[in-house]
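Working notes for the structure below.
The values are calculated or read from the model by the stated rules, or taken from the named source; none is laboratory data. Since the model is a prediction, treat every value here as computed from it, not as a measurement. Cβ placement follows ideal geometry from the backbone for every residue including glycine, while neighbour counts extend to all protein chains displayed. Quick note on the areas: whole protein, heavy atoms, side chains included, nothing else; ligands and nucleic acids left out. Shrake-Rupley method; radii C 1.70, N 1.55, O 1.52, S 1.80 Å.
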Amino acid sequence: MPFAVEPGSFRDPAGSVFYLDGRVLRGFDPTGWADFEALAATRFWQRATERGELVKTTAVELATLPEATTKLTGIAGVVEHERIPVVSYPFEWTFSMLRAAALCHLDLLLAGLAEGFTMKDGYAYNLQFRGARPVFIDVGSFTRVQPGEPWAGYRQFCQTMLYPLLLQAHRGVRFQPFLRGAVQGITPQDARGLLRGAGRRAGRRAGVLKHVVLHQAIDARMSGARASDTRKELAAAGFSAELQVATVKAIRKLVAKLSWSEAGKPSTWSDYQRTSTYTDAERERKEAFVERSLAAAAPLGICADLGGNDGTYARIAQRHASYVVTADADAVTVDRLWQRLATEGNERILPLVVDLTDPSPGLGWRGTERGPLFERLRPDAVLALALVHHLAISGNVPLPALVDWWHGLGGRLVVEFVDPKDPMADRLLANKPAGMHGDYRREVFERLLEQRFEVLDREELPSGTRMLYHAVPR
């Protein structure tokens, strides 16, 4: 990628993100550059960068950049950001991840307010995860506080972080489909309908009544007002920086208390390692096969553990790859994994909630503002363990399509085929019409695999119903 502008950065009039030979750069107009220079001189900027809460950012001399950057007009200054290994989006995060991102955002806002800075927006997409750690990436969001100005990002924060969290905490409804369905998040009007009645329950009134019901009512009343008139009314009413701080502190207290009751209950796959049909000896053999397959190719860049469950094999992959993304559709299992990784301070394993039969597509303006998952994730190695039978039988994905998909990812593959006679596969087939998956057989899978990959190693587990393969694309 010699030079390309980030498709999702067009919404910021004060600057834009672009890529140059693998580097991540951000250009500012004169106003944005003045704000950045002032921001970089603050104590909170230095502390937050050192703690990893803010993406590492350094100024770049314009004279050192090639002529290609002249395509960006009005640039007064440029900075370079540390690259996030794999970009993820809020609709791929768990409840605990979104809450952690929201708290990171609010803590940075409070620290900025203490030194005269606020944020222009409150977008969940302004944050990323480096492993299990949230990091704020949109340094152009910071601007100096103006007298009488409220927090301009309040609405966006509600729509992309607070409302999704309230919905899952109070209703037990997963927020991911709502955020995936609208990149601007859940509107106050929709949130009020979704959370109707929740504000009457003890302990929930402050969150729903104040930030949903009243927000929607004020939103409706002010829909025709000009922004300048609204600012004048707020200034006349005595709105101050101190009031903005108090508002943000109250929201932070609310977010910190939110919890998802389902996270403490068993899910379909949350206890898979204990309830699966593997014997201890088979589990050891499988782990050893994965270990030696990845070790043979080490050091690897990025490894994708597809259907990664509780992260058992992602941790093996971590020993041989610089970064691991583990994706699974079971939100409870992924949430628990993230909590363990966060407690450990792990910055090299990124857990995501992903239905592999329906992975994240391109979203937003022209379908490019938020890129598809498998354009953002280009792995050097792929683990597909105890996965094929779920995608092929439960998901009805043809075996040729699965093999083509893995081949298209471009990395080496460690895959497990579960025979139809295996208890787990037999249980899935029992729910299907007889003969529907007649081609789901080991010999068919091996023929397809060998057409697109060179198989370097294979091993049958003692049960005789599970086969492991290590292969590289032809």
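List of remarks:
- Residues (of a type outside the set (A, V, I, L, M) and open to solvent by less than 40 Å² (accessible area, probe 1.4 Å)) located in the stretch 80-109: HIS81, SER88, TYR89, PRO90, PHE91, GLU92, TRP93, THR94, PHE95, SER96, CYS104, HIS105
- Members of the stretch 3-38 that are open to solvent by less than 30 Å² (accessible area, probe 1.4 Å) and charged (D, E, K, R): ARG26, ASP35
- Scanning the stretch 379-390 for any residue that is open to solvent by 10 Å² or more (accessible area, probe 1.4 Å), in contact (Cβ under 8 Å) with a residue 60 or more places away in the chain, touching a helix residue (DSSP H, G or I) at 6+ places or on another chain (Cβ under 8 Å) and charged (D, E, K, R) turns up nothing.
- Test set (1) open to solvent by less than 40 Å² (accessible area, probe 1.4 Å); (2) polar (S, T, N, Q); (3) without any contact (Cβ under 8 Å) to a residue 24 or more places away in the chain - THR326 fails condition number: (3)
- Failed item, numbered, when ALA48 is tested on (1) open to solvent by less than 80 Å² (accessible area, probe 1.4 Å); (2) of a type in the set (A, V, I, L, M); (3) over 30 Å from GLY362 (Cα atoms); (4) over 26 Å from the mean Cα position of the chain (by Cα): (4)
- Being assigned to a loop (DSSP other than H, G, I, E, B) and under 30 Å from ARG315 (Cα atoms) holds for only one residue in ARG180, ARG196, ARG174, and it is ARG174.
- Count of the stretch 118-133 residues, restricted to those that are touching a residue at least 40 places away in the same chain (Cβ under 8 Å), assigned to a strand (DSSP E or B) and in contact with a Leu (Cβ under 6 Å, 6 or more places away or on another chain), is 1.
- Options GLY122, GLY116, GLY112, GLY77; residue that is buried (at least 22 other Cβ atoms within 10 Å of the Cβ) and either among the basic types (Lys, Arg) or over 30 Å from VAL325 (Cα atoms) (or both): GLY112
- Every test in (1) outside the structural domain of GLY172 (by TED's automatic domain parsing); (2) modelled with pLDDT of 95 or more; (3) among the hydroxyl-bearing types (Ser, Thr, Tyr); (4) out of contact with any His (no Cβ under 6 Å at 6 or more places or on another chain) is passed by THR94 save one, and that test is (1).
- Applying the criterion of at least 2 residues that are within 13 Å of the chain's Cα centre (by Cα) to the strands (runs of 3 or more DSSP E) found wholly in the stretch 298-379 leaves 321-328, 349-353.
- Qualifying residues in the stretch 446-455 (those that are touching a residue at least 24 places away in the same chain (Cβ under 8 Å) and under 33 Å from the mean Cα position of the chain (by Cα)) - the one nearest to LEU399 (Cα to Cα): LEU448
- Residue under evaluation SER293, criteria (1) open to solvent by 10 Å² or more (accessible area, probe 1.4 Å); (2) outside any loop (DSSP other than H, G, I, E, B), criterion not met: (1)
- Scanning the stretch 362-387 for residues that are out of contact with any Phe, Trp or Tyr (no Cβ under 9 Å at 6 or more places or on another chain) and farther than 16 Å from GLN184 by Cα yields PRO372, GLU375, LEU377, ARG378, PRO379, ASP380, ALA381, LEU387.
- Put simply, of LEU352, LEU363, LEU341 the only residue that is open to solvent by less than 60 Å² (accessible area, probe 1.4 Å) and touching a helix residue (DSSP H, G or I) at 6+ places or on another chain (Cβ under 6 Å) is LEU352.
- Screening PHE178 against (1) open to solvent by less than 20 Å² (accessible area, probe 1.4 Å); (2) among the aromatic types (Phe, Trp, Tyr); (3) more than 28 Å from VAL79 (Cα to Cα) leaves a single unmet condition, (1).
- Among the residues of the stretch 417-431, those that are outside any loop (DSSP other than H, G, I, E, B) and either out of contact with any helix residue (DSSP H, G or I) (no Cβ under 7 Å at 6 or more places or on another chain) or open to solvent by 60 Å² or more (accessible area, probe 1.4 Å) (or both) comprise PRO423, ASP426, ARG427.
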